[in-house]
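Read through the structure below, which is laid out as structure tokens, and then see the notes.
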Amino acid sequence: MTRRSIVTGANRGLGLEFTRQLLARGDDVIAACRHPGKASELNHLAGEYPGRLHVLPLDVADEKSRTAFAHELPLVADGIDLLINNAGVLHSGERWGSVSEAHLADSLRTNAMGPFLLTQALASQLAERATVANISSGMGSISDDPDFHSPSYRISKAALNMATRMLAKALESRGIPVIALCPGWVRTDMGGSSAQITPAESVSALVQVIDAVTPERSGGFFDRFGKPMPW
């Protein structure tokens, strides 16, 4: 049976690479992004995989958008086997004394509240034994003892890790594992050109971790090799 997968934030970076690799391995993919009309690479992929890639609008930070996405989804898929909550935002250049409420609120809405509430909205469409993978970051590890930089991003990813634990509990009775994953420092618009690995390298490893996940690992936080990360 063909696996039905959703990737949020699919128009660039890790999301686009997840879409590419899942299609290449035979999945049917629903690629979600805020502006499908501007997602030229996604639309090119849709031409390469006719009938197997559907590009739908979704702003994970907006309740109306999440609701509309949940309502439209049954028109293109009769269930979900894999949900990858990848969409995220990082506001760079934050300094102590000038961290804005707007940036912190946007980070929390997009990076933590969005994945949690989207998964809740799609819960009835998750197939039995489906998997939910939340793309987190080592920067969300409280034990990382960071210098003061990117506080809005760090706080929101720490919140995403707790959201992962809560979702794991909520979906436990259905045998649906929910995990948080650190992709590593990746050369994307967010990670920058100095990052250590390519999106292809990161996603290839992450997909193996996702494929191997069991209910016993649900609620965990792992690096791209499947090794537990410190909270």
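Just a few scattered comments:
- When residues in the range 27-64 are screened for being among the small types (G, A, S), modelled with pLDDT under 95 and either part of a helix (DSSP H, G or I) or farther than 19 Å from D78 by Cα (or both), 5 of them pass.
- Verdict on A102 being at negative phi, free of Cβ contacts under 8 Å to residues at least 60 places away in the same chain and not in a loop (DSSP other than H, G, I, E, B): yes
Let's see how each residue does on (1) among the aliphatic types (A, V, I, L, M); (2) over 24 Å from M166 (Cβ atoms); (3) outside any helix (DSSP H, G or I):
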site: E72; (1), (2), (3): no, yes, no
site: A77; (1), (2), (3): yes, yes, yes
site: L82; (1), (2), (3): yes, no, yes
site: V89; (1), (2), (3): yes, no, yes
site: W96; (1), (2), (3): no, yes, yes
site: L117; (1), (2), (3): yes, no, no
site: S124; (1), (2), (3): no, no, no
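- Flag if A68 is modelled with pLDDT of 95 or more, within 21 Å of A163 (Cα to Cα) and out of contact with any Leu (no Cβ under 7 Å at 6 or more places or on another chain): no
- Residues being out of contact with any strand residue (DSSP E or B) (no Cβ under 8 Å at 6 or more places or on another chain) and of a type in the set (V, I, T) - total across the range 44-92: 2
- Condition met for S150 (at pLDDT below 95, polar (S, T, N, Q) and closer than 19 Å to H91 by Cβ): yes
- From the options A39, A32, residue that is surrounded by 19 or more Cβ atoms within 10 Å (Cβ to Cβ) and either within 25 Å of A168 (Cβ to Cβ) or touching a Phe, Trp or Tyr at 6+ places or on another chain (Cβ under 8 Å) (or both): A32
- Candidate set: the range 8-26, residues that are under 15 Å from D211 (Cβ atoms) and surrounded by 22 or more Cβ atoms within 10 Å (Cβ to Cβ); chosen: the one nearest to the chain's Cα centre (by Cα): F18
- Residue-level check: of (1) at pLDDT 95 or above; (2) of a type outside the set (V, I, T); (3) surrounded by 13 or more Cβ atoms within 10 Å (Cβ to Cβ), E101 misses just (3).
- If the condition is being of a type outside the set (G, A, S) and part of a helix (DSSP H, G or I), then the range 1-26 contributes L14, L16, E17, F18, T19, R20, Q21, L22, L23.
- Selection from the range 215-231 of residues that are closer than 19 Å to L14 by Cβ and touching a residue at least 40 places away in the same chain (Cβ under 8 Å): F221, F222, D223, R224, M229
- If you go through the range 168-182 and keep only what is assigned to a helix (DSSP H, G or I) and surrounded by fewer than 19 Cβ atoms within 10 Å (Cβ to Cβ), you end up with K169, A170, E172, S173, R174.
- Looking across the range 140-167, the residues that are surrounded by 15 or more Cβ atoms within 10 Å (Cβ to Cβ) and assigned to a loop (DSSP other than H, G, I, E, B) come down to S141, S150.
The values are calculated or read from the model by the stated rules, or taken from the named source; none is laboratory data. Remember, it's a predicted structure, so these values are computed and weren't measured experimentally. Every residue, glycine among them, receives a Cβ derived from its backbone with ideal geometry; neighbour counts consider all protein chains shown.
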